[in-house]
Structures are given as C-alpha cells and as structure tokens.
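Have a look at the structure below before the remarks.
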Amino acid sequence: MDMATGNDSRAKVLVLDANVQHAAELSHRLKFLDYDPVIAQSPGAAGASGEIAAVIVDDHGDADVLEAASRIREQHPGLPFLCLSDDASFDKGPNWALDLPLKRSQLKHLLGRAERYQGAERRHRITGTSHPIRAVRRLIEQVADFDTNVLVTGQSGTGKELVARTVHDLSARADKPFVPINCGAIPADLLESELFGHEKGAFTGAISARTGRFELAEGGTLFLDEIGDMSVDMQVKLLRVLQERTFERVGSGKLQRCNVRIIAATHKDLPQAVRDGEFREDLFYRLNVFPIEMPPLYQRVSDLPQLLEELLIAHRGEQHGELRVSATAADVLANYSWPGNIRELSNLVERLAIIKPEGIIEVEDLPAKYRDAQPVPNAESNMVSEAMQLTNANLKESLQSVECGLIQQAMQASNGVVAKAARLLNMRRTTLVERIAKYELGPANTI
C-alpha cells in the first residue's frame, strides 16, 4: 500500500485518487489549508480511516479506488465523503460534491463542515440506517449551512430536538449557543418574558431584570419546541420579531436587534390548526420554509436492533455486566406499535436494565403489553406483502429473474463497468462479478 502521512496533530484527510499527480496537487492544497493529507491508492486504505476527518474521492473509473471507498463507507458510515467525480455516489452516509475546477473556498468550507459533522455524530447521534432516517439525515445536511427557518414535525418522542441540535452543530453557528424553549410548558402570560426578557419592575414579581431566550441565543440557534401550543397573541409578537429581526424587553421601549436562527418543532398538524383558526397562517409559512418530518418508530423498525444496543449501553451506566436483547425478544418488540416512539423505547430499556442488570433479555422479561402486541403494518412489511401477491411463480426463480434484470440494467447504465454497476446496485464488485458469471451475462469491463 502506498501511503504518505503526516505526524502532526492537524486533522487528517484521506485522499483516494488513482491519478498520482492529481493526488499530489490535492495534497498540496490540503497542507495549505492546514490539514494533514493521507494519500492512498489501494483498498487497504480503509484501515487508516479511524482518525480521518473526511475522505476525498476522485475515482477516474478506477475499481480499486471505488472498492477502497466502499469498504471505508461500510466500516465508517458517518465519515463524510467529498466527491470530485460526477458518478461517485456512496450510500448510507454524508456525500458532498466538490466542483471542478477545484475552488479553495468550497474545499475549505466542506472540510470545516466535515469536522462539525463528526462532532455532531459524537454528541447527538441520529441512530439508524432505514430509508426514512437516511432521508432525514440528507435534509439536515442540505439545510445546515443556511440560516433558513426549519420546522421539525413528527409524533411526540420521535427525537425532534435531536434533529434541531444536529442542524445547529452542522451549521456555521455551531460555536454559538443553542437555546431551547418549550412553548407549551410555559404559561401564556410568562412566555413573552421568557422569550424577550423583561426589565426590573415591568410587572408584579419582576424584582430584577431578566435576559430572554432571544438574547441568550444571539449568534446561535433558538429552538422553539411545541410551537403549536403557543397562544395566538404570542404568535403575533413572534411573527413581528421574525419579520423585523428586532424585539423589546417587556417594560422597555428600546429596540434590540437579533441575529438568531429559528428552528421550531411540533407534534400537531399545523395546516389543520391554521384551518381551525388556532395558528396564524402567515407565521406557519414563515416557519415552514424547510420542513423536516421525523418518522415514528413503527415506520423504521429495521433500526430497532441498533437503537436497543445504544440505549442498553447508555442505561448500563457504571455496570460492568453485559446486557443484550435476544433475537426473539427483538422480534417481539418489532411487532409493537410504539405510540411513545424513541422516548417509550428508552424508558423500557431503562426499566429492563434495572430489573436485569446483566445477561440476555428474553421474551418473558418484557412487560405483558409488549409480549401480547399484534404485528403492526409498516412500509417494509407492506412492500413484501405486495411483492408476494404479484406472482404465484416459484419464489426462487422469480427472485433470480428480478436480480438478473437489475444487473443487466445496471451494467447497461454503467457502460459495462463492473465497479460503477456495483455502486448502483449497492453491492461489492467481487459479488457482482460472481453474479455475472452465474447468470452468464457475458464479459464485462473491470475498470
């Protein structure tokens, strides 16, 4: 393996480029931006990614580079990829395009975002690889760099604040405050003071001046949780602040300018609330510039094993004994509807960790309502059911026919380049070569 690394403490960037000259030029640019380049041209580079901040990929159609990149993505799905090639697309992780000719400002910007992304992954991990959760991650990555207002919707307990914190941590405001406030937990007559602050003597009980959340969040992000519970009178005052970017403390006539990004969240159906006259339409459109919907847990049951593992680790605390959920118990939990979503799952895991500090959690260890739950229809199971109804033919023959057709389409779309076709099919190149031979699809390029 050809690899050149630096020994200083600067953030490392792995360069996967089949063209030695291009790799050297990119390495020079990285050093100029105060990064430590790690140049590699072989699949073994995957082992060097443990302390890497980002991976820059320029494959030039090279199968070894694509294989190395695929291996890194499999082992480190949260590692950001900066892609120079138009056809470089890697699933299950952050992928950002680098324009050609390469611009210093864009390279610096994306590398900074990559470092923030990994920090956000460590602090506020959005767990799972299901299609709904991957869609949420893509939306977060798209909007993070902008000061656009974001409205996060979804059922209670789905992790809406986690989305807001991740957007903040990926943004250029990451080094400024993230200030949350639950608009539904504060009485309407006190919410104005909580948001904008008040002067001493502004009302009975105001024995001293108070700094509001807008001032505390200056330069950063203000998270307005349960915005749907805000009174109509307070909605009017909030709308004015969002429009004019100025506010007054209660009891003060002095205008203060604010530089705050707004992220709001609600479990309510705001369009229906607008129709019912409970929420102002103009405020809804002001907040709903970039909507992100957090899926309920029953729609992402494929994430359940990973969620269980992380929650068990979190709730074990100082315990040294290993605790895990058996496959049978996990299947039973996957049948449950999870009306309380992640919050309910976390409460269950905490309870189980107390009752059974170590060992294997079996079905009999689960509370009755989880054991007796009936299977809940979801997108994944519906797709399987529909597919089973489409044909009465032999299952094995049908699957082989579908697989053969998909391989032929991918090979045609990639002009016979196996490495590119493997990326389209989300499989290893060596596996695709075996399938091509199995179905006698003829010779193919391996470039």
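The values are calculated or read from the model by the stated rules, or taken from the named source; none is laboratory data. Because the structure is a prediction, the values reported are computed rather than measured. Cβ: placed from backbone, ideal geometry, glycine included. Neighbour counts: every protein chain shown. Note: accessible area is taken over every heavy atom of the protein model, side chains too, but ligands, DNA and RNA are not part of it. Shrake-Rupley method; radii C 1.70, N 1.55, O 1.52, S 1.80 Å.
Remark: the GLU244-ALA188 segment gains 17.9 nm on full extension, using 0.36 nm per residue and subtracting the alpha carbon distance. Between the amide H of GLY154 and those of THR266, MET294, distances stay under 5 Å, these residues lying 5 or more places away or on another chain, with hydrogens modeled in the peptide plane. Spin-label model, LYS254/ALA24: points 7 Å from Cα along the beta carbon direction are separated by 6.2 nm. Largest accessible area first, the residues GLU215, GLU25 order themselves as GLU25, GLU215 under a 1.4 Å probe with ligands, DNA and RNA left out. Distances between placed amide hydrogens fall under 5 Å for ILE361 paired with ARG324, VAL325, SER326, all partners being 5 or more residues away or on another chain.
Using a probe of 1.4 Å on the protein chains alone, the accessible area found for LEU297 is around 0 Å².
In terms of distances greater than 25 angstrom between alpha carbons, the cross-link table entries LYS31/LYS103; LYS31/LYS176; LYS31/LYS420; LYS200/LYS268; LYS12/LYS108 yield LYS31/LYS176; LYS31/LYS420; LYS200/LYS268. The protection proxy used here, the mean number of other Cβ atoms lying within 10 Å of each residue, ranks peptides 275-287, 301-313 as follows, highest first: 301-313, 275-287. Taking a cut-off of 25 Å between Cα atoms, list the lysines near LYS369, but don't count ones fewer than 8 places away on the same chain. By straight Cα distance, LYS369 reaches LYS356. Where does the charge balance sit around ARG275 when Lys and Arg score +1, Asp and Glu -1, over other residues with C-beta under 11 Å from its C-beta? That sum, taken over residues with Cβ under 11 Å, equals -4.
How large, in percent, is the carbon and sulfur part of the accessible surface of region 190-233 at a probe radius of 1.4 Å?
With neighbouring chains kept in place, the figure for region 190-233 is 49 percent.
Take the Cα of MET427, step 7 Å toward its Cβ, do the same at PHE146, and the gap between the two points is 3.8 nm. Derived scalar couplings between HN and Hα for region 292-301 equal 10, 9, 8, x, x, 5, 5, 8, 9, 5 Hz in order, rounded to whole Hz, by the Karplus curve 6.51 cos²θ - 1.76 cosθ + 1.60 (θ = phi - 60°), x for Gly and Pro.
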